[in-house]
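Input: a single structure, listed below in C-alpha coordinates.
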Amino acid sequence: MGPRVVVARSCWNAITTELDRVAPLEGVLLPLVALDLRDSHANPCSPVGLLDVATVVLAEARCLPPRLQHNSAARVLALPQADAWADGVVVPLVRRHPRLRAAAYLHSHPFATEQTWPSGGDVHGHMVPLLRRNVDAGLQVSFSFIACRSRDQRGWLLPCFAMDARERVVELGNAEVVADNDDAVVRARHLSLQRTPARFLLRRWRQQLRRHGLTPRVDELFDGWVRAKIRVDGQRVLVVLFPMDFPSTAPRYHLVNSRTGQVQRLDVSFRCDATEVLSLPRGVVEAA
(Lines give C-alpha, C1' and ligand atoms only; values in the text may rest on other atoms or scores of the structure.)
Protein backbone atom coordinates (compact mmCIF):
# COMPACT_ATOMS: atom_id res chain seq x y z
CA MET A 1 0.00 0.00 0.00
CA GLY A 2 1.42 3.37 -1.02
CA PRO A 3 1.67 6.39 1.27
CA ARG A 4 -1.12 8.88 1.78
CA VAL A 5 -0.47 12.37 0.38
CA VAL A 6 -1.78 15.46 2.14
CA VAL A 7 -1.39 19.12 1.18
CA ALA A 8 -1.70 22.08 3.55
CA ARG A 9 -4.60 24.39 2.77
CA SER A 10 -2.39 27.48 2.39
CA CYS A 11 -0.09 25.54 0.08
CA TRP A 12 -3.05 24.31 -1.99
CA ASN A 13 -4.33 27.88 -2.33
CA ALA A 14 -0.94 28.99 -3.65
CA ILE A 15 -0.86 26.08 -6.11
CA THR A 16 -4.33 26.64 -7.54
CA THR A 17 -3.81 30.40 -7.81
CA GLU A 18 -0.71 29.85 -9.93
CA LEU A 19 -2.34 27.16 -12.08
CA ASP A 20 -5.36 29.40 -12.70
CA ARG A 21 -2.99 32.20 -13.70
CA VAL A 22 -1.40 30.23 -16.54
CA ALA A 23 -4.40 28.07 -17.59
CA PRO A 24 -5.16 26.75 -20.16
CA LEU A 25 -1.38 26.40 -20.44
CA GLU A 26 0.59 24.00 -18.25
CA GLY A 27 1.92 25.43 -15.01
CA VAL A 28 4.80 24.47 -12.74
CA LEU A 29 5.65 25.09 -9.07
CA LEU A 30 8.44 24.12 -6.69
CA PRO A 31 7.02 21.81 -3.97
CA LEU A 32 8.65 20.92 -0.66
CA VAL A 33 7.58 17.81 1.20
CA ALA A 34 8.08 16.11 4.54
CA LEU A 35 7.83 12.37 5.08
CA ASP A 36 6.10 10.62 7.99
CA LEU A 37 7.54 7.11 8.25
CA ARG A 38 5.61 3.98 9.21
CA ASP A 39 8.23 3.15 11.84
CA SER A 40 8.71 6.23 13.99
CA HIS A 41 11.72 4.55 15.62
CA ALA A 42 13.54 3.76 12.37
CA ASN A 43 17.26 4.39 12.28
CA PRO A 44 17.58 7.90 10.79
CA CYS A 45 20.71 6.80 8.91
CA SER A 46 18.89 3.98 7.09
CA PRO A 47 17.79 4.46 3.46
CA VAL A 48 14.09 5.33 3.09
CA GLY A 49 12.09 3.36 0.51
CA LEU A 50 8.56 3.86 -0.74
CA LEU A 51 7.16 1.18 1.59
CA ASP A 52 8.73 2.96 4.57
CA VAL A 53 6.69 6.13 3.99
CA ALA A 54 3.26 6.42 5.64
CA THR A 55 2.42 10.00 4.65
CA VAL A 56 3.85 12.52 2.21
CA VAL A 57 3.11 16.04 3.45
CA LEU A 58 3.14 18.78 0.81
CA ALA A 59 3.69 21.65 3.21
CA GLU A 60 5.15 24.41 1.05
CA ALA A 61 5.13 25.37 -2.64
CA ARG A 62 6.81 28.28 -4.34
CA CYS A 63 5.83 29.77 -7.70
CA LEU A 64 8.54 30.12 -10.34
CA PRO A 65 8.76 33.70 -11.59
CA PRO A 66 7.02 33.95 -14.99
CA ARG A 67 10.31 34.95 -16.64
CA LEU A 68 11.82 31.58 -15.63
CA GLN A 69 9.18 29.31 -17.18
CA HIS A 70 8.02 28.61 -20.70
CA ASN A 71 4.38 27.48 -20.85
CA SER A 72 2.47 25.77 -23.65
CA ALA A 73 -0.76 23.81 -23.86
CA ALA A 74 0.95 20.43 -23.46
CA ARG A 75 4.32 21.20 -21.90
CA VAL A 76 5.99 23.48 -19.40
CA LEU A 77 9.71 24.11 -19.08
CA ALA A 78 11.69 25.68 -16.28
CA LEU A 79 14.40 27.75 -17.97
CA PRO A 80 18.08 27.11 -17.07
CA GLN A 81 18.22 30.19 -14.83
CA ALA A 82 15.56 28.58 -12.64
CA ASP A 83 18.16 26.32 -10.98
CA ALA A 84 19.88 29.25 -9.26
CA TRP A 85 16.50 30.68 -8.25
CA ALA A 86 15.44 27.30 -6.79
CA ASP A 87 18.67 26.99 -4.78
CA GLY A 88 18.01 30.41 -3.31
CA VAL A 89 14.52 29.32 -2.27
CA VAL A 90 15.19 25.77 -1.07
CA VAL A 91 18.28 26.33 1.06
CA PRO A 92 16.75 28.94 3.44
CA LEU A 93 13.49 26.95 3.70
CA VAL A 94 15.25 23.71 4.57
CA ARG A 95 17.48 25.46 7.08
CA ARG A 96 14.39 26.88 8.74
CA HIS A 97 12.25 23.74 8.42
CA PRO A 98 14.66 20.76 8.28
CA ARG A 99 11.96 18.13 7.64
CA LEU A 100 11.18 19.71 4.27
CA ARG A 101 12.88 18.41 1.15
CA ALA A 102 12.75 19.22 -2.56
CA ALA A 103 12.01 15.56 -3.35
CA ALA A 104 9.12 16.07 -5.79
CA TYR A 105 7.98 17.84 -8.93
CA LEU A 106 4.64 19.59 -9.39
CA HIS A 107 3.08 20.68 -12.67
CA SER A 108 -0.33 20.65 -14.33
CA HIS A 109 -2.11 18.80 -17.13
CA PRO A 110 -4.94 21.32 -17.73
CA PHE A 111 -6.14 19.27 -20.70
CA ALA A 112 -6.96 16.29 -18.41
CA THR A 113 -10.17 15.88 -16.41
CA GLU A 114 -10.51 13.92 -13.15
CA GLN A 115 -7.41 11.80 -13.72
CA THR A 116 -4.03 11.81 -15.48
CA TRP A 117 -0.73 9.94 -15.67
CA PRO A 118 2.93 10.99 -16.04
CA SER A 119 3.98 11.36 -19.67
CA GLY A 120 7.20 9.87 -21.01
CA GLY A 121 8.81 13.26 -20.59
CA ASP A 122 7.60 13.45 -16.99
CA VAL A 123 9.04 10.02 -16.22
CA HIS A 124 12.41 10.27 -17.95
CA GLY A 125 12.88 14.01 -17.73
CA HIS A 126 11.78 14.53 -14.12
CA MET A 127 11.12 11.43 -12.04
CA VAL A 128 14.18 9.35 -12.97
CA PRO A 129 16.77 12.15 -12.52
CA LEU A 130 15.14 13.21 -9.25
CA LEU A 131 15.12 9.62 -8.00
CA ARG A 132 18.85 9.38 -8.61
CA ARG A 133 19.48 12.62 -6.73
CA ASN A 134 17.23 11.50 -3.86
CA VAL A 135 19.04 8.15 -3.61
CA ASP A 136 22.30 10.04 -3.03
CA ALA A 137 20.59 11.67 -0.02
CA GLY A 138 19.20 8.37 1.34
CA LEU A 139 15.67 8.55 -0.12
CA GLN A 140 14.99 5.71 -2.57
CA VAL A 141 11.89 7.26 -4.11
CA SER A 142 10.84 10.38 -6.03
CA PHE A 143 7.41 11.98 -6.24
CA SER A 144 5.45 13.72 -8.98
CA PHE A 145 2.29 15.74 -8.38
CA ILE A 146 0.29 16.44 -11.55
CA ALA A 147 -2.73 18.71 -11.20
CA CYS A 148 -5.70 18.18 -13.53
CA ARG A 149 -9.14 19.72 -13.88
CA SER A 150 -12.10 18.61 -11.78
CA ARG A 151 -15.18 17.32 -13.58
CA ASP A 152 -16.92 20.71 -13.50
CA GLN A 153 -13.77 22.36 -14.98
CA ARG A 154 -13.87 24.99 -12.22
CA GLY A 155 -11.41 23.49 -9.79
CA TRP A 156 -8.32 21.30 -9.59
CA LEU A 157 -7.41 17.84 -8.35
CA LEU A 158 -3.87 16.73 -7.53
CA PRO A 159 -3.14 13.13 -8.61
CA CYS A 160 0.10 11.93 -7.02
CA PHE A 161 2.68 9.44 -8.22
CA ALA A 162 5.88 7.91 -6.89
CA MET A 163 8.84 6.21 -8.52
CA ASP A 164 10.37 3.41 -6.46
CA ALA A 165 13.97 2.21 -6.38
CA ARG A 166 13.32 -0.04 -9.40
CA GLU A 167 12.12 2.99 -11.40
CA ARG A 168 8.51 1.82 -11.41
CA VAL A 169 5.76 4.46 -11.37
CA VAL A 170 3.24 3.91 -8.56
CA GLU A 171 -0.11 5.71 -8.40
CA LEU A 172 -0.83 7.22 -4.96
CA GLY A 173 -4.28 8.71 -5.60
CA ASN A 174 -5.32 12.31 -5.16
CA ALA A 175 -3.77 14.52 -2.49
CA GLU A 176 -6.06 15.33 0.42
CA VAL A 177 -6.28 19.01 1.40
CA VAL A 178 -5.91 19.46 5.17
CA ALA A 179 -5.88 22.45 7.48
CA ASP A 180 -2.63 24.22 8.26
CA ASN A 181 -3.02 23.21 11.91
CA ASP A 182 -3.26 19.51 11.01
CA ASP A 183 -0.69 17.54 13.04
CA ALA A 184 1.11 16.33 9.91
CA VAL A 185 1.53 19.88 8.60
CA VAL A 186 2.65 21.21 11.97
CA ARG A 187 5.30 18.47 12.17
CA ALA A 188 6.42 19.19 8.61
CA ARG A 189 6.96 22.86 9.42
CA HIS A 190 8.90 22.20 12.61
CA LEU A 191 11.56 24.86 13.11
CA SER A 192 15.23 23.97 12.81
CA LEU A 193 17.43 23.33 15.81
CA GLN A 194 19.47 26.22 14.51
CA ARG A 195 16.60 28.60 15.37
CA THR A 196 15.96 27.37 18.92
CA PRO A 197 17.91 27.40 22.20
CA ALA A 198 19.45 24.12 21.02
CA ARG A 199 21.57 26.20 18.64
CA PHE A 200 23.66 27.48 21.54
CA LEU A 201 24.14 23.95 22.93
CA LEU A 202 25.27 22.50 19.61
CA ARG A 203 27.55 25.41 18.83
CA ARG A 204 29.29 25.20 22.20
CA TRP A 205 29.59 21.41 21.90
CA ARG A 206 31.27 21.70 18.50
CA GLN A 207 33.58 24.48 19.71
CA GLN A 208 34.74 22.35 22.63
CA LEU A 209 35.46 19.42 20.33
CA ARG A 210 37.49 21.62 17.99
CA ARG A 211 39.53 22.95 20.92
CA HIS A 212 40.62 19.36 21.55
CA GLY A 213 41.54 18.63 17.95
CA LEU A 214 38.28 16.94 16.94
CA THR A 215 36.40 18.26 13.92
CA PRO A 216 32.80 17.03 13.68
CA ARG A 217 31.22 16.91 10.25
CA VAL A 218 27.59 17.98 10.66
CA ASP A 219 24.80 17.36 8.15
CA GLU A 220 21.01 17.10 8.12
CA LEU A 221 19.11 13.88 7.48
CA PHE A 222 15.53 13.28 6.45
CA ASP A 223 12.89 13.82 9.13
CA GLY A 224 14.76 16.65 10.83
CA TRP A 225 17.66 14.69 12.37
CA VAL A 226 21.09 16.33 12.63
CA ARG A 227 24.09 14.00 12.37
CA ALA A 228 27.59 14.76 13.64
CA LYS A 229 30.43 12.45 12.55
CA ILE A 230 33.80 12.50 14.31
CA ARG A 231 36.56 10.41 12.79
CA VAL A 232 38.33 8.27 15.37
CA ASP A 233 40.97 6.61 13.20
CA GLY A 234 41.33 5.15 9.73
CA GLN A 235 38.28 2.93 10.07
CA ARG A 236 36.18 4.11 13.00
CA VAL A 237 33.77 7.04 13.24
CA LEU A 238 31.78 8.32 16.22
CA VAL A 239 28.27 9.19 15.02
CA VAL A 240 26.02 11.40 17.15
CA LEU A 241 22.37 11.72 16.06
CA PHE A 242 20.44 14.75 17.34
CA PRO A 243 16.61 14.39 17.09
CA MET A 244 14.38 17.19 15.89
CA ASP A 245 13.16 17.93 19.43
CA PHE A 246 16.65 18.03 20.99
CA PRO A 247 17.39 18.78 23.83
CA SER A 248 14.03 17.47 25.12
CA THR A 249 14.99 14.11 23.60
CA ALA A 250 18.56 12.94 24.06
CA PRO A 251 20.90 12.33 21.10
CA ARG A 252 22.11 8.84 20.20
CA TYR A 253 25.79 7.87 20.13
CA HIS A 254 27.23 5.12 17.93
CA LEU A 255 30.74 3.96 17.14
CA VAL A 256 30.84 2.73 13.54
CA ASN A 257 33.56 0.54 12.04
CA SER A 258 33.56 1.42 8.35
CA ARG A 259 35.63 -1.66 7.46
CA THR A 260 33.50 -4.32 9.16
CA GLY A 261 30.16 -2.45 9.29
CA GLN A 262 29.92 -3.10 13.03
CA VAL A 263 27.90 -0.49 14.97
CA GLN A 264 28.31 -0.13 18.74
CA ARG A 265 25.73 1.86 20.71
CA LEU A 266 27.37 3.96 23.42
CA ASP A 267 25.60 4.67 26.68
CA VAL A 268 26.55 8.30 27.28
CA SER A 269 24.61 11.50 27.95
CA PHE A 270 25.02 14.77 26.08
CA ARG A 271 27.05 17.55 27.69
CA CYS A 272 27.35 20.92 25.96
CA ASP A 273 31.01 21.12 27.07
CA ALA A 274 31.57 17.86 25.13
CA THR A 275 32.92 16.04 28.20
CA GLU A 276 30.79 13.01 27.31
CA VAL A 277 32.92 12.60 24.18
CA LEU A 278 36.24 13.75 25.59
CA SER A 279 35.98 11.44 28.61
CA LEU A 280 35.41 8.28 26.57
CA PRO A 281 38.19 5.70 27.09
CA ARG A 282 41.38 6.43 25.18
CA GLY A 283 41.32 4.58 21.90
CA VAL A 284 37.58 5.05 21.48
CA VAL A 285 37.80 8.71 20.52
CA GLU A 286 41.01 10.62 19.99
CA ALA A 287 42.12 13.33 17.63
CA ALA A 288 42.75 11.95 14.14
Item to check | DSSP-defined beta bridges in the stretch 1-91 - what % are antiparallel, rounded to 5 | outcome: 75
Checklist entry - Gain in length, residue 70 to residue 179, computed as 0.36 nm per residue apart minus the alpha-carbon separation, to one decimal in nm? => result 36.0 nm
Checklist entry - Stretched out fully, how many nm does the piece from residue 151 to residue 164 gain, at 0.36 nm a residue minus the Cα gap? => result 1.7 nm
Item to check | Volume per residue that the Cα convex hull of the stretch 1-118 spans, once the total is divided by residue count, Å³ | outcome: 129
Checklist outcome for this item: Stokes-Einstein, Kirkwood over Cα pairs, the stretch 25-83, 25 °C, 0.890 mPa s; D in µm²/s equals 175
Next on the checklist: When the expected Rg is taken as 2.2 N^0.38 Å, what fraction or multiple of it is the alpha-carbon Rg of the stretch 70-137?
Outcome noted: 1.29
Item to check | Sulfur and carbon atoms: percent of accessible area, the stretch 77-226 [1.4 Å] | outcome: 49
Checklist entry - With charges set only on the Cβ (+1 for Lys and Arg, -1 for Asp and Glu), what does the dipole of the chain come to about its Cα centre, in debye to the nearest 20? => result 1140
Item to check | Calculated P(r) of the stretch 91-188 - Cα pairs past 17 Å, % | outcome: 58
Checklist entry - Across the stretch 144-150, in residue order, what do the Karplus-derived ³J(HN,Hα) couplings come to in whole Hz, using 6.51 cos²θ - 1.76 cosθ + 1.60 with θ = phi - 60° and x for Gly and Pro? => result 9, 10, 10, 6, 9, 6, 6
Checklist entry - Counting only residues 5 or more places away or on other chains, whose amide H sits under 5 Å from the amide H of residue 27 once H atoms are built in the peptide plane? => result 108
Checklist entry - Using 0.36 nm per residue, how much length does the chain from residue 264 to residue 112 gain when fully extended, once their Cα-Cα distance is taken away? => result 49.3 nm
Checklist entry - Over all distinct alpha-carbon pairs, what is the Kirkwood Rh of the chain in angstrom? => result 20.6
Item to check | CD proxy at 222 nm, helix term only [per DSSP H run n ≥ 4: -39500 (n - 2.57); per residue of the chain; nearest 500] | outcome: -6500 deg cm²/dmol
Checklist entry - Evaluated at 37 °C with a viscosity of 0.692 mPa s, what Stokes-Einstein diffusion coefficient in µm²/s does the stretch 199-288 have when Rh comes from the Kirkwood expression over alpha-carbon pairs? => result 247
Checklist entry - How many percent of DSSP beta bridges within the chain run antiparallel, rounded to 5? => result 75
Checklist outcome for this item: With bins of 5 Å, the percent of all Cα-Cα pairs of the stretch 201-251 per bin from 0 is 5, 19, 27, 26, 15, 7, 1
Next on the checklist: So if I average 1/r over every pair of distinct C-alpha atoms in the stretch 50-98 and take the inverse, what Kirkwood radius in Å does that give?
Outcome noted: 13.2
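The values are calculated or read from the model by the stated rules, or taken from the named source; none is laboratory data. Bear in mind that the values here come from a model prediction, so they are computed numbers and not experimental data. In this analysis, Cβ positions are derived from the backbone assuming ideal geometry, glycine residues included, and neighbour counts consider all displayed protein chains. To get the accessible areas, we keep the full protein, side chains included, count just its heavy atoms, and leave off ligands, DNA and RNA. Shrake-Rupley method; radii C 1.70, N 1.55, O 1.52, S 1.80 Å.
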